[in-house]
Amino acid sequence: MIETYLRQSALDHLGLAGHSTAAPTEAGVQLSEKPLPVAVNLRGDSGDAAFVEAVREALGLALPTLPNTATTGEGLALLWLGPDEWLAMQHDAAAFAEAQLATKLRKALDGLHAAVTEMGESLCCLSLAGAQARAVLAKGCPLDLHPRAFGGSGHCAQSLLAKAAVTLLQVSDAPAFELYVRRSFADYLWRWLEDAAREYGVAVVRP
Amino acid sequence: MLLIACPHCGPRAESEFHCGGEAHIERPKDPASLSDAEWAEFVFLRDNIKGLVFERWNHAHGCRRWFNAARDSVTYEILAIYPMGSPPPALDPRRYV
């Protein structure tokens, strides 16, 4: 378990809280960094009914078995990463929530062929919203982000953004996206996003 | 840029993938009995065919799963995608030279 006082975002040095605004903005793109998410990686066989049921019981969420989809519930999201791999994400949670979440899953999956791994502070969550959010992502991401292909809220994908590996989750049709990126790439990606969004007008907002 | 159909994620850009080289290279059943030349053949020597090739690919920046692909090394056309461990599809190599 990670002590609360050690949990520090990889973007702390940018002092985003100091120059972010809470006021509504007309900017084409709104950027923010969400507080460090609690993340637990889950492996198992989605063809095994016992595994699917155990996950549903532990998390209260259906396991997304369709590629590139996520299911979301009360402060919790379950992202499809591969045919036998998922990522459980919890926002606005205390540091000990990760251990709780992992323990809950491990108990539920006891005796099944499955693996539960805490991700610690490895991922940063950047939020990108606004009318031009898609245009910004399209500058550095090979995915087809048109609503016809990237099917709206609850769609997720792992890909590259400006050559950094990211997990992209659409959280609203507005559109709004969450970008999960490894912490060593967070500073680079934040600066890239600010630069790429400049032409549309960019506002740093409170998460 | 090639558009490669990952068997799990669907069509994705080539930059998300890593090519793992020639597929269907069988590890020798009795490695101890091999001569140096035979080892070199297994470890280093590849056919480098002009035309129909069978390759292993990994969706490195997506689902990170391996799969096999049949590809025309002249036109870069991906002819078939099939799972690891399964035999190559029956394609006529003479059509792709």
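The values are calculated or read from the model by the stated rules, or taken from the named source; none is laboratory data. Computed from a predicted structure; not experimentally measured. As a convention, Cβ positions derive from the backbone with ideal geometry for all residues, glycine included, and neighbour counts pool all protein chains shown. Calculation scope for accessible area: heavy atoms of the full protein, side chains included, ligands and nucleic acids excluded. Shrake-Rupley method; radii C 1.70, N 1.55, O 1.52, S 1.80 Å.
Just to be sure I understand the model, the point goes 7 Å from the Cα along the line to the Cβ. What's the resulting B:Trp39 to B:Ala90 distance in nm?
4.0
Compute the acute angle (0 to 90°) between the alpha-carbon long axis of helix A:49-59 and the principal axis of greatest extent of the alpha-carbon atoms of chain A; round to the nearest 10°.
Taking the Cα atoms of chain A, the angle to A:49-59 is about 60 degrees.
At what distance in nm do the modelled label points of A:His146 and B:Glu22 sit from each other, each positioned 7 Å from its Cα along Cα→Cβ?
For A:His146 paired with B:Glu22, the spin-label model returns 4.1 nm.
Can you give the accessible area of B:Arg12 in Å² (nearest 10), computed on protein heavy atoms with a 1.4 Å probe?
Accessible area of B:Arg12: about 10 Å².
Mean residue ellipticity at 222 nm from the helices of chain A, using -39,500 (n - 2.57) per DSSP H segment of n ≥ 4 over the full residue count, to the nearest 500 deg cm²/dmol?
Details: 4 runs with 44 residues, N = 207.
-6500 deg cm²/dmol, from helical runs alone.
Averaged over peptide B:58-65, how many Cβ atoms belonging to another chain are found within 10 Å of each residue's Cβ? Each step should come with its number before you reach the end.
Numbers: counts 0, 2, 3, 9, 11, 10, 4, 4.
The shielding value for this peptide is 5.
What residue among A:Ala62, A:Ala49, A:Ala27 shows peak mean-square fluctuation when chain A is described by a Gaussian network model with Cα springs under 10 Å?
A:Ala49
Report, in degrees rounded to the nearest 10, the 0 to 90 angle that the Cα long axis of helix A:97-108 makes with the longest principal axis of chain A.
Between the helix axis and the principal axis of chain A, the angle is about 30 degrees.
If you count, for each residue, the other Cβ atoms within 10 Å and average over each peptide, how do A:197-204, A:79-86 line up from highest to lowest? Intermediate values should be presented prior to the final figure.
Details: A:197-204: 17.5, A:79-86: 21.1.
Descending packing order for the listed peptides: A:79-86, A:197-204.
Within the protein assembly as shown, what percent of beta bridges assigned by DSSP are antiparallel, to the nearest 5?
Working: 63 of 67 bridges.
Counting only bridges with both partners in the protein assembly as shown, antiparallel ones make up about 95 percent.
With a 10 Å radius around each residue's Cβ, average the other Cβ atoms per peptide and rank A:126-133, A:114-121, highest first.
Working: A:126-133: 21.1, A:114-121: 16.9.
Packing order, densest peptide first, comes out as A:126-133, A:114-121.
Leaving out ligands and nucleic acids, note down the accessible area per residue over the protein assembly as shown with a 1.4 angstrom probe, in whole Å². All intermediate terms of the calculation are to be shown ahead of the outcome.
Working: 15650 Å² over 304 residues.
Roughly 51 Å² per residue, with all protein chains present.
In Å², nearest 100, what accessible area do chains B and A bury in total when the solvent probe is 1.4 Å?
Numbers: alone 6630 and 10070 Å², together 15650 Å².
When B and A are taken together, about 1100 Å² of accessible area is lost.
Ignoring ligands and nucleic acids, what accessible area does B:His61 show with a 1.4 Å probe (Å², nearest 10)?
Rounded to the nearest 10, that gives 70 Å².
Explain nothing, just the number: relative contact order of chain A, from Cα pairs under 8 Å at least 6 residues apart, as a whole percent. It would help to have the intermediate numbers written out before the result.
On the way: 416 pairs, mean separation 61.1, N = 207.
Relative contact order here is 30 percent.
Would you mind giving the mean number of other chain beta-carbons within 10 Å of the Cβ of each residue in B:7-20, as a whole number?
Average neighbour count from other chains, rounded to a whole number: 4.
Roughly to the nearest percent, how much of the accessible area of the protein assembly as shown is carbon and sulfur, given a 1.4 Å probe?
Working: 8230 of 15650 Å².
Carbon and sulfur atoms account for 53 percent of the accessible area of the protein assembly as shown.
Between B:Thr75 and A:Ala135, how high is the FRET efficiency from 1/(1 + (r/R0)^6) when r is the Cβ-Cβ distance and R₀ = 25 Å? Nearest 0.05. If you can, show how the numbers build up before the last one.
Working: r = 33 Å, r/R0 = 1.33.
The calculated FRET efficiency here is 0.15.
Using a 1.4 Å probe and ignoring any ligands, DNA or RNA, find the accessible area of A:Arg7 and quote it in Å² to the nearest 10.
Approximately 50 Å² of A:Arg7 is accessible to the 1.4 Å probe.
Which distance in nm do the two modelled labels at B:Arg46 and A:Arg106 give, with both placed 7 Å along the Cα-to-Cβ direction?
With each label point 7 Å from Cα toward Cβ, the separation is 4.2 nm.
In whole Å, what is the distance between the alpha-carbon centres of the range A:16-92 and the range A:137-175?
First find each Cα centre; the distance between them is then 14 Å.
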